[in-house]
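Shown next, in structure tokens, is the structure this report addresses.
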Amino acid sequence: MNYGKIKWFDIADGPGVRVALFVSGCRNHCKNCFNPETWDFGYGEPFTKEVEDSILKGLEPDHIKGLTLLGGDPFEPENAKVLAPFVERVRANYPHKTIWCYTGYTFDELLTGKRIPVDTVLRIFRCLDILVDGRFVEELKDMSLLFRGSSNQRLILVQESLKKDEVVCWDGKTVYDI
């Protein structure tokens, strides 16, 4: 897996100051994507153990609220198989920090196992606090939305959704420690 960039102090892709990992590779090719260079799986640099270690170090300070995965798409098969053990490592090292993930695929679509094995999806889901799902749709673009670009995209409370076996969305107003 390659990554396009790491933002060490991101304030746009989740609450608080976060470390954001932009993975490379996306097959969705959304019209007017804000990051089209990351569609190419070969874009950027290899995601190595040293890069993982540097992200873990970057998450260490108390003022860093968590990690955000985006791209590209973290749930492309090539990316998910690398990210599953990585997010498990992040969760083990920082159980009180939040992990957000953006994907062009829907929560339900990912759980079908048609794109990637369900066990890989669940390994990632078990570590996530919020999943922002759904493709960016230019015709539904709404700059007033919290942490997403188009109104079809949802802010999903992943752990609650897994417990209830149904999608539970965060309204963006209720206070959660996310």
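The values are calculated or read from the model by the stated rules, or taken from the named source; none is laboratory data. Just so we're clear, the structure is a prediction, and the values are computed from it rather than from any experiment. All Cβ positions, glycine included, derive from the backbone under ideal geometry; neighbour counts span all protein chains shown. Keep in mind that these areas ignore ligands, DNA and RNA; they rest on the heavy atoms of the full protein, side chains included. Shrake-Rupley method; radii C 1.70, N 1.55, O 1.52, S 1.80 Å.
For region 127-149, what are the residues that are closer than 16 Å to residue 29 by Cα and crowded, with 18+ Cβ neighbours inside 10 Å?
Answer for region 127-149, where residues must be closer than 16 Å to residue 29 by Cα and crowded, with 18+ Cβ neighbours inside 10 Å: 133, 134, 135, 136, 149.
Looking only at region 58-87, filter to residues that are open to solvent by 10 Å² or more (accessible area, probe 1.4 Å) and either assigned to a loop (DSSP other than H, G, I, E, B) or of a type in the set (Phe, Trp, Tyr) (or both); which one of those is modelled with the lowest pLDDT?
In this case the residue turns out to be 72.
If you take the residues in region 92-113 that are open to solvent by 50 Å² or more (accessible area, probe 1.4 Å) and not β-branched (Val, Ile, Thr), which one is nearest to residue 30 (Cα to Cα)?
Only one residue tops the list, namely 109.
With the structure loaded, tell me whether residue 167 is touching a strand residue (DSSP E or B) at 6+ places or on another chain (Cβ under 9 Å), surrounded by 15 or more Cβ atoms within 10 Å (Cβ to Cβ) and under 19 Å from residue 59 (Cα atoms) or whether it fails that test.
The answer is no for residue 167.
Among the residues of region 28-43, how many are open to solvent by 70 Å² or more (accessible area, probe 1.4 Å) and touching a helix residue (DSSP H, G or I) at 6+ places or on another chain (Cβ under 9 Å)?
Counting residues in region 28-43 that are open to solvent by 70 Å² or more (accessible area, probe 1.4 Å) and touching a helix residue (DSSP H, G or I) at 6+ places or on another chain (Cβ under 9 Å) gives 4.
So residue 124 fits all but one of (1) open to solvent by 10 Å² or more (accessible area, probe 1.4 Å); (2) farther than 18 Å from residue 35 by Cβ; (3) in contact with a Pro (Cβ under 9 Å, 6 or more places away or on another chain); (4) at pLDDT 95 or above; what number is the exception?
(1)
Condition check: in contact with a Lys or Arg (Cβ under 9 Å, 6 or more places away or on another chain) and either of a type outside the set (Phe, Trp, Tyr) or open to solvent by 40 Å² or more (accessible area, probe 1.4 Å) (or both). Does residue 156 satisfy that?
Here the answer is no, as residue 156 does not meet what is asked.
Criterion first (more than 19 Å from residue 149 (Cα to Cα) and open to solvent by less than 30 Å² (accessible area, probe 1.4 Å)) does residue 25 satisfy it?
So residue 25 fits the description; yes.
With (1) of a type in the set (Lys, Arg); (2) over 20 Å from residue 25 (Cα atoms); (3) more than 17 Å from the chain's Cα centre (by Cα) as the list, and residue 89 as the residue in question, which single condition is left unmet?
(3)
Quick one: count up the residues across region 44-57 that are loosely packed, with under 13 Cβ neighbours inside 10 Å and among the hydroxyl-bearing types (Ser, Thr, Tyr).
Summing the residues that are loosely packed, with under 13 Cβ neighbours inside 10 Å and among the hydroxyl-bearing types (Ser, Thr, Tyr) in region 44-57 gives 1.
Quick one: would you say residue 8 is open to solvent by 10 Å² or more (accessible area, probe 1.4 Å), modelled with pLDDT under 95 and under 16 Å from the mean Cα position of the chain (by Cα)?
No, not satisfied.
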